[in-house]
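Scroll down for the structure; my scribbles are underneath it.
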Amino acid sequence: MTKALKDRIRQKIIADHGALFSKGELDFKDLENVAKQIFDNIAHNEGLSLSAEEKNKIINELLDEFIGLGPIKKLLEDPSISEIMVVGPDKVYIERNGKDELTNLTFENEGHLMQIIYRILEPTRRRVDESYPHVDVALKDGSRVNIIIPPLALDGPVVTIRKFSKEIKMIDDLIKLDTVERRMADFLVGCVKAKINIVFSGSTGSGKTTTLNVLSSYLPDDDRILTIEDTAELHLNQRHVVRLEARQANIEGRGEVTIRELFKNSLRMRPDRIILGEIRGGEALDLLQAICSGHTGSLAVIHANSPQEVIYRIETLILTSGLSITQEAIRRQIAAALNLIVQQEQLADGTRKITHITEIRGLKDGEIIMEDIFTYDIDKVDSKGRVIGKWVASGITPLFLLKFKKLGVTLSEDIFRKG
């Protein structure tokens, strides 16, 4: 009965009170009053007997549906949950402490789930329909949302939400989470201040964008910082930040603006720093050339499972993008432009750690020379499934340390001592 009653109230709100939805942003109080009035009328006319608790539950669920995000609202508000994964209307999974769990939450039907999807998309310039059945957007709090619907998703609409953590803001927060240790943290903060060119790599969900976000907070406040993203995720608090976001094609197939186009345009905007949300294609070469032409201190993200794979992936992205350039020339560009790779992984116990901080030291016999400055060595997995290990320094001092001195960034070389 509850489900049928809620359906009738919903339909009545839409049919008789459409003016509420033409005001722009819905007024919570107005909608609440209308929902309560319709509920009371139906209950009175049909002699329904429901408790105040049942009434409040129905009203609140409707309000969440129209103004909030329905069943997943409380999941978004739970700080212990890092990811929400909706697979059709009947399955809602979460990631908590690095482990997936199936919740008891469901949507009423596929139409209900699609209403929530439209609520997510409403404040954005994005759309999803049969002609464009997948999309990436960001919520107001910075959480990243991927949506894919039928006919591509065979079991109903799929929504994946990577939550933005408000608790992770400074490098000390990453230290508390055991993502990185103090000497590595001090080194990375120094690298950002000293305009070292850094690529953050890792697989999906490894935490690389979070680490980039944290380290971006140490960029000088008087720098003009340009961020270029496919879906806006970065949140910088410096006073001079220009945020650029790619745009998908409209319903006629026109109007697309790619990351590469944005990157080329950004070079005409006099940036002091460029942050590239993710390297996905030919913009890889644009980034390398921009750094070589003076845009140092650039930061970028790439999907790769090891520092060596970062090199292979950049080469592949450039070679397959249709650009006329040889592999040898690409390697020269990489060796000249990039200084550091920060590799991050989600380990078997769900924890996220920086496992390699690797320097690109140059080119020898056509091969790029790399050396690990710090690594995370795994000793064992204990009986409770926890990964036991430690960070170690290789004993190698980075070649670019002279840049620290030139820019007045102080760092004790003792942190590079082996062990």
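Quick look at the numbers
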| read-out | value |
| --- | --- |
| Angle between the chain longest axis and helix 2-16 axis [Cα atoms, degrees, rounded to 10] | 90 degrees |
| Under-5 Å amide H pairs with PHE164, H placed in peptide plane, nonlocal only | SER143, ARG144 |
| Burial ranking of peptide ranges 386-393, 211-218, 98-105 (average Cβ count within 10 Å, highest at the top) | 211-218, 386-393, 98-105 |
| Hydrodynamic radius (Kirkwood) for segment 77-164, which is based on Cα pairs only, to one decimal in Å | 13.3 Å |
| Whole-Å distance, taken between Cα centres, linking segment 50-110 and segment 348-419 | 41 Å |
| Acute angle (nearest 10 degrees) that the helix 182-193 long axis makes with the longest principal axis of the chain, alpha-carbon atoms | 90 degrees |
| Tilt relative to the chain, helix 52-66 - C-alpha long axis, 0 to 90 degrees, to 10 | 50 degrees |
| DSSP-defined antiparallel bridges as percent of all bridges, segment 171-416, nearest 5 | 50 percent |
| Convex hull projection area averaged over all views, segment 140-191, Cα basis, nm² | 5.7 nm² |
| Residues of segment 253-276 with amide N under 15 Å of a point placed 7 Å along Cα→Cβ from ARG243 | 275-276 |
| Dmax and Rg, reported as Rg then Dmax, of the chain (C-alpha, Å) | 25.0, 87 |
| Volume per residue of the C-alpha convex hull in segment 22-107, rounded to whole Å³ | 140 Å³ |
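We did not get these values from a lab; they are worked out from the coordinates using the rules stated. For clarity, every value in this text was computed on a predicted model and none was experimentally measured. Every residue, glycine as well, gets a Cβ built from its backbone with ideal geometry; the counts of neighbours run over all protein chains shown.
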